Amino acid sequence: GDSVTQTEGLVTLTKGLPVMLNCTYQTTYSPFLFWYVQHLNEAPKLLLKSSTDNKRTEHQGFYATLHKSSSSFHLQKSSVQLSDSALYFCALSEDNAGAKLTFGGGTRLTVRP
Amino acid sequence: NAGVIQTPRHKVTGKGQEATLWCEPISGHSAVFWYRQTIVQGLEFLTYFRNQAPIDDSGMPKERFSAQMPNQSHSTLKIQSTQPQDSAVYLCASSLGDWGDQDTQYFGPGTRLLVL
(Lines give C-alpha, C1' and ligand atoms only; values in the text may rest on other atoms or scores of the structure.)
Protein backbone atom coordinates (compact mmCIF):
# COMPACT_ATOMS: atom_id res chain seq x y z
CA GLY A 1 0.00 0.00 0.00
CA ASP A 2 0.85 3.66 -0.09
CA SER A 3 3.11 5.19 2.52
CA VAL A 4 4.57 8.58 3.39
CA THR A 5 7.67 9.09 5.51
CA GLN A 6 8.63 12.24 7.36
CA THR A 7 12.00 11.69 8.96
CA GLU A 8 11.96 14.59 11.43
CA GLY A 9 9.48 14.42 14.23
CA LEU A 10 10.58 17.67 15.80
CA VAL A 11 12.46 20.63 14.36
CA THR A 12 13.42 23.67 16.41
CA LEU A 13 14.84 26.75 14.71
CA THR A 14 15.57 30.36 15.42
CA LYS A 15 13.49 32.99 13.64
CA GLY A 16 14.92 34.03 10.30
CA LEU A 17 16.71 30.78 9.52
CA PRO A 18 15.84 28.52 6.57
CA VAL A 19 14.03 25.22 7.05
CA MET A 20 13.54 22.04 5.06
CA LEU A 21 11.10 19.36 6.16
CA ASN A 22 11.62 16.02 4.47
CA CYS A 23 8.92 13.97 2.81
CA THR A 24 9.32 10.79 0.79
CA TYR A 25 6.59 8.51 -0.44
CA GLN A 26 5.83 5.13 -1.92
CA THR A 27 2.99 4.39 -4.30
CA THR A 28 2.35 2.42 -7.44
CA TYR A 29 -0.08 5.06 -8.69
CA SER A 30 0.39 8.49 -10.19
CA PRO A 31 0.82 10.57 -7.06
CA PHE A 32 -0.65 13.81 -5.85
CA LEU A 33 1.41 15.23 -2.95
CA PHE A 34 0.22 17.69 -0.35
CA TRP A 35 1.57 19.61 2.62
CA TYR A 36 -0.92 20.43 5.35
CA VAL A 37 -0.22 22.69 8.33
CA GLN A 38 -1.98 22.33 11.65
CA HIS A 39 -1.71 25.00 14.30
CA LEU A 40 -2.48 24.13 17.89
CA ASN A 41 -6.13 23.12 18.40
CA GLU A 42 -6.98 23.97 14.79
CA ALA A 43 -7.93 21.97 11.72
CA PRO A 44 -5.25 20.96 9.21
CA LYS A 45 -5.11 23.44 6.35
CA LEU A 46 -3.71 22.90 2.89
CA LEU A 47 -0.40 24.63 2.35
CA LEU A 48 0.81 23.22 -0.97
CA LYS A 49 -0.04 20.53 -3.45
CA SER A 50 1.47 19.17 -6.64
CA SER A 51 1.27 16.36 -9.15
CA THR A 52 3.71 17.81 -11.68
CA ASP A 53 7.19 16.38 -11.76
CA ASN A 54 10.06 18.82 -11.22
CA LYS A 55 7.84 21.88 -10.93
CA ARG A 56 8.21 24.15 -7.90
CA THR A 57 4.98 25.15 -6.17
CA GLU A 58 4.84 28.02 -3.68
CA HIS A 59 2.42 29.47 -1.15
CA GLN A 60 2.84 31.87 1.77
CA GLY A 61 6.62 31.78 1.47
CA PHE A 62 6.78 27.98 1.56
CA TYR A 63 7.79 26.01 -1.50
CA ALA A 64 8.22 22.40 -2.58
CA THR A 65 9.12 20.49 -5.73
CA LEU A 66 7.80 17.04 -6.53
CA HIS A 67 10.63 14.79 -7.71
CA LYS A 68 9.21 11.51 -8.94
CA SER A 69 12.68 10.10 -9.60
CA SER A 70 13.45 10.22 -5.88
CA SER A 71 9.83 10.02 -4.64
CA SER A 72 10.28 13.20 -2.64
CA PHE A 73 8.32 16.37 -1.89
CA HIS A 74 10.36 18.32 0.66
CA LEU A 75 8.94 21.52 2.14
CA GLN A 76 11.20 24.56 2.37
CA LYS A 77 11.13 28.14 3.52
CA SER A 78 13.99 30.60 3.33
CA SER A 79 13.25 32.48 6.54
CA VAL A 80 10.97 31.07 9.23
CA GLN A 81 8.76 33.25 11.41
CA LEU A 82 7.34 32.71 14.88
CA SER A 83 3.91 32.17 13.34
CA ASP A 84 5.24 29.18 11.39
CA SER A 85 5.36 27.13 14.59
CA ALA A 86 2.93 24.30 13.88
CA LEU A 87 2.57 20.65 12.94
CA TYR A 88 3.29 19.93 9.28
CA PHE A 89 1.95 16.87 7.51
CA CYS A 90 2.96 15.53 4.14
CA ALA A 91 0.19 13.54 2.44
CA LEU A 92 -0.35 11.49 -0.70
CA SER A 93 -3.38 10.64 -2.79
CA GLU A 94 -3.56 8.19 -5.65
CA ASP A 95 -4.26 9.27 -9.21
CA ASN A 96 -6.31 12.37 -8.43
CA ALA A 97 -6.45 15.22 -6.00
CA GLY A 98 -9.78 14.15 -4.57
CA ALA A 99 -8.92 10.67 -3.37
CA LYS A 100 -8.33 9.67 0.23
CA LEU A 101 -5.14 10.96 1.82
CA THR A 102 -2.33 8.91 3.28
CA PHE A 103 -0.43 11.02 5.79
CA GLY A 104 3.11 10.98 7.06
CA GLY A 105 3.76 11.02 10.77
CA GLY A 106 4.05 14.79 10.90
CA THR A 107 6.85 17.20 11.82
CA ARG A 108 6.42 19.65 14.64
CA LEU A 109 8.22 22.90 13.82
CA THR A 110 9.00 25.23 16.70
CA VAL A 111 10.42 28.66 15.91
CA ARG A 112 12.04 30.52 18.76
CA PRO A 113 12.82 34.25 18.93
CA ASN B 1 -18.97 29.91 4.03
CA ALA B 2 -18.82 28.40 7.50
CA GLY B 3 -16.41 25.64 6.55
CA VAL B 4 -16.81 22.06 7.66
CA ILE B 5 -18.80 21.87 10.87
CA GLN B 6 -18.27 19.10 13.39
CA THR B 7 -20.29 18.51 16.53
CA PRO B 8 -19.72 18.03 19.34
CA ARG B 9 -16.26 19.53 19.64
CA HIS B 10 -15.56 17.49 22.76
CA LYS B 11 -17.15 14.29 23.98
CA VAL B 12 -16.44 12.21 27.05
CA THR B 13 -17.92 8.74 27.27
CA GLY B 14 -17.62 5.84 29.62
CA LYS B 15 -16.18 2.56 28.42
CA GLY B 16 -18.88 0.55 26.68
CA GLN B 17 -21.07 3.52 25.79
CA GLU B 18 -21.97 4.63 22.28
CA ALA B 19 -20.64 7.79 20.65
CA THR B 20 -22.07 9.51 17.58
CA LEU B 21 -20.08 12.19 15.85
CA TRP B 22 -21.60 14.59 13.34
CA CYS B 23 -20.16 16.32 10.31
CA GLU B 24 -21.70 18.96 8.06
CA PRO B 25 -19.68 19.38 4.85
CA ILE B 26 -19.19 22.61 2.99
CA SER B 27 -22.24 23.37 0.89
CA GLY B 28 -21.81 22.08 -2.65
CA HIS B 29 -19.16 19.53 -1.73
CA SER B 30 -20.03 16.00 -2.75
CA ALA B 31 -17.19 14.10 -1.05
CA VAL B 32 -16.90 13.59 2.71
CA PHE B 33 -13.96 11.96 4.42
CA TRP B 34 -13.39 10.78 8.01
CA TYR B 35 -9.93 10.60 9.59
CA ARG B 36 -8.69 9.83 13.09
CA GLN B 37 -5.77 11.61 14.73
CA THR B 38 -3.78 10.28 17.67
CA ILE B 39 -0.32 11.08 18.94
CA VAL B 40 0.81 7.49 18.43
CA GLN B 41 -0.75 6.72 15.03
CA GLY B 42 -0.88 10.21 13.57
CA LEU B 43 -3.56 10.92 10.96
CA GLU B 44 -5.33 7.82 9.66
CA PHE B 45 -7.98 7.54 6.97
CA LEU B 46 -11.18 5.85 8.07
CA THR B 47 -13.81 6.10 5.34
CA TYR B 48 -15.29 8.32 2.65
CA PHE B 49 -18.47 9.03 0.74
CA ARG B 50 -19.11 10.57 -2.64
CA ASN B 51 -22.60 11.76 -3.52
CA GLN B 52 -23.70 10.09 -0.27
CA ALA B 53 -22.54 6.66 -1.45
CA PRO B 54 -19.84 4.87 0.54
CA ILE B 55 -16.73 4.58 -1.62
CA ASP B 56 -13.96 3.29 0.59
CA ASP B 57 -14.11 2.15 4.21
CA SER B 58 -10.77 0.38 4.22
CA GLY B 59 -9.59 2.29 7.29
CA MET B 60 -12.58 1.57 9.46
CA PRO B 61 -12.14 -0.89 12.31
CA LYS B 62 -14.33 -3.82 11.35
CA GLU B 63 -16.15 -3.97 14.62
CA ARG B 64 -17.97 -1.21 16.48
CA PHE B 65 -17.39 1.55 13.89
CA SER B 66 -19.92 2.59 11.29
CA ALA B 67 -20.48 5.67 9.15
CA GLN B 68 -23.45 6.97 7.24
CA MET B 69 -24.35 9.85 5.00
CA PRO B 70 -28.14 10.00 4.89
CA ASN B 71 -28.22 13.27 2.96
CA GLN B 72 -25.82 15.68 1.30
CA SER B 73 -25.70 17.97 4.31
CA HIS B 74 -24.43 15.65 7.00
CA SER B 75 -22.52 12.50 7.80
CA THR B 76 -22.25 10.59 11.06
CA LEU B 77 -19.59 8.36 12.53
CA LYS B 78 -20.88 5.99 15.19
CA ILE B 79 -18.74 4.05 17.61
CA GLN B 80 -20.49 1.35 19.59
CA SER B 81 -19.18 0.03 22.89
CA THR B 82 -16.41 2.61 23.05
CA GLN B 83 -13.02 1.56 24.37
CA PRO B 84 -10.18 3.70 25.79
CA GLN B 85 -8.15 3.08 22.62
CA ASP B 86 -10.88 4.88 20.64
CA SER B 87 -9.84 8.13 22.32
CA ALA B 88 -8.68 10.42 19.52
CA VAL B 89 -9.55 13.50 17.52
CA TYR B 90 -11.93 12.55 14.74
CA LEU B 91 -11.60 14.82 11.73
CA CYS B 92 -14.09 15.25 8.94
CA ALA B 93 -13.10 16.74 5.61
CA SER B 94 -15.06 17.62 2.50
CA SER B 95 -14.15 18.34 -1.09
CA LEU B 96 -15.84 19.09 -4.39
CA GLY B 97 -15.44 15.46 -5.38
CA ASP B 98 -15.09 16.31 -9.06
CA TRP B 99 -11.89 14.29 -9.48
CA GLY B 100 -10.23 17.38 -10.90
CA ASP B 101 -6.62 18.32 -10.27
CA GLN B 102 -7.72 21.30 -8.24
CA ASP B 103 -9.84 19.31 -5.83
CA THR B 104 -8.85 19.91 -2.23
CA GLN B 105 -9.96 18.48 1.08
CA TYR B 106 -11.02 21.03 3.67
CA PHE B 107 -10.92 19.83 7.24
CA GLY B 108 -13.26 20.57 10.10
CA PRO B 109 -12.02 21.42 13.60
CA GLY B 110 -12.50 17.83 14.78
CA THR B 111 -14.28 16.11 17.64
CA ARG B 112 -12.06 15.22 20.55
CA LEU B 113 -13.34 11.93 21.97
CA LEU B 114 -12.20 10.77 25.38
CA VAL B 115 -13.24 7.33 26.57
CA LEU B 116 -12.80 6.82 30.29
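Keeping to the range A:4-61, report how many residues are away from every other protein chain (no Cβ under 13 Å), assigned to a strand (DSSP E or B), closer than 23 Å to residue A:78 by Cβ and open to solvent by 60 Å² or more (accessible area, probe 1.4 Å). Break it down into steps so the answer makes sense when it comes.
Taking the range A:4-61 and keeping what is away from every other protein chain (no Cβ under 13 Å), we get A:7-8, A:11-29, A:53-54, A:56, A:58, A:60-61.
Right, trim to assigned to a strand (DSSP E or B) and you get A:11-14, A:19-21, A:24-26, A:56, A:58.
Among the residues that remain, those that are also closer than 23 Å to residue A:78 by Cβ are: A:11-14, A:19-21, A:24, A:56, A:58.
The next check asks that each one be open to solvent by 60 Å² or more (accessible area, probe 1.4 Å); those that pass are A:12, A:20, A:56, A:58.
Number satisfying all stated conditions: 4.
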Fill in: Residue check for residue A:65: in contact (Cβ under 8 Å) with a residue 24 or more places away in the chain, more than 11 Å from chain B (Cβ to nearest Cβ), among the hydroxyl-bearing types (Ser, Thr, Tyr) and open to solvent by less than 60 Å² (accessible area, probe 1.4 Å)
no
Worksheet item: Across the range B:55-71, which residue is farthest from residue A:99 (Cα to Cα) among those that are out of contact with any Ser or Thr (no Cβ under 7 Å at 6 or more places or on another chain) and of a type outside the set (Ser, Thr, Tyr)?
Response: B:63
Item to complete: Please name all residue pairs, on different chains or six or more residues apart, with Cβ atoms under 6 Å, provided the first residue is in the range A:11-40 and is among the hydroxyl-bearing types (Ser, Thr, Tyr) and the second residue is not in a strand (DSSP E or B).
Response: A:24/A:71; A:25/A:71; A:27/A:2; A:29/A:95; A:30/A:95; A:36/A:44
Response to the item:
Among strands (runs of 3 or more DSSP E) completely within the range B:64-116, the ones holding 2 or more residues that are at the interface with another protein chain (Cβ under 10 Å from one of its Cβ atoms) are B:88-95
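Restricting attention to the range B:15-40, which residues are more than 9 Å from chain A (Cβ to nearest Cβ) and either within 25 Å of residue A:9 (Cβ to Cβ) or assigned to a strand (DSSP E or B) (or both)? Working first, answer last.
Filtering the range B:15-40 for residues more than 9 Å from chain A (Cβ to nearest Cβ) gives B:15-30, B:32, B:34, B:36, B:38-40.
B:19, B:20, B:21, B:22, B:23, B:24, B:32, B:34, B:36, B:38, B:39, B:40 - these are the residues of the range B:15-40 that are more than 9 Å from chain A (Cβ to nearest Cβ) and either within 25 Å of residue A:9 (Cβ to Cβ) or assigned to a strand (DSSP E or B) (or both).
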Fill in: Single residue of the range B:65-116 satisfying the filter (touching a residue at least 24 places away in the same chain (Cβ under 8 Å) and among the aromatic types (Phe, Trp, Tyr)) that is most open to solvent (accessible area, probe 1.4 Å)
B:106
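Tally time: how many residues in the range B:32-64 are open to solvent by less than 50 Å² (accessible area, probe 1.4 Å) and not aromatic (Phe, Trp, Tyr)?
Step one: filter the range B:32-64 for residues open to solvent by less than 50 Å² (accessible area, probe 1.4 Å), giving B:32-38, B:42-43, B:45-49, B:53, B:56, B:59-61.
Retained after the next criterion (residues that are not aromatic (Phe, Trp, Tyr)): B:32, B:36-38, B:42-43, B:46-47, B:53, B:56, B:59-61.
The total comes to 13.
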Worksheet item: Is there a residue being within 14 Å of chain B (Cβ to nearest Cβ) and either in contact (Cβ under 8 Å) with a residue 24 or more places away in the chain or surrounded by 22 or more Cβ atoms within 10 Å (Cβ to Cβ) (or both) anywhere in the range A:77-85?
Response: no
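The values are calculated or read from the model by the stated rules, or taken from the named source; none is laboratory data. Owing to the predicted nature of the structure, the values given are computational and were not obtained by experimental measurement. Ideal geometry is used to build each Cβ from the backbone, glycine not excepted, and the neighbour counts take in all protein chains shown. Quick note on the areas: whole protein, heavy atoms, side chains included, nothing else; ligands and nucleic acids left out. Shrake-Rupley method; radii C 1.70, N 1.55, O 1.52, S 1.80 Å.
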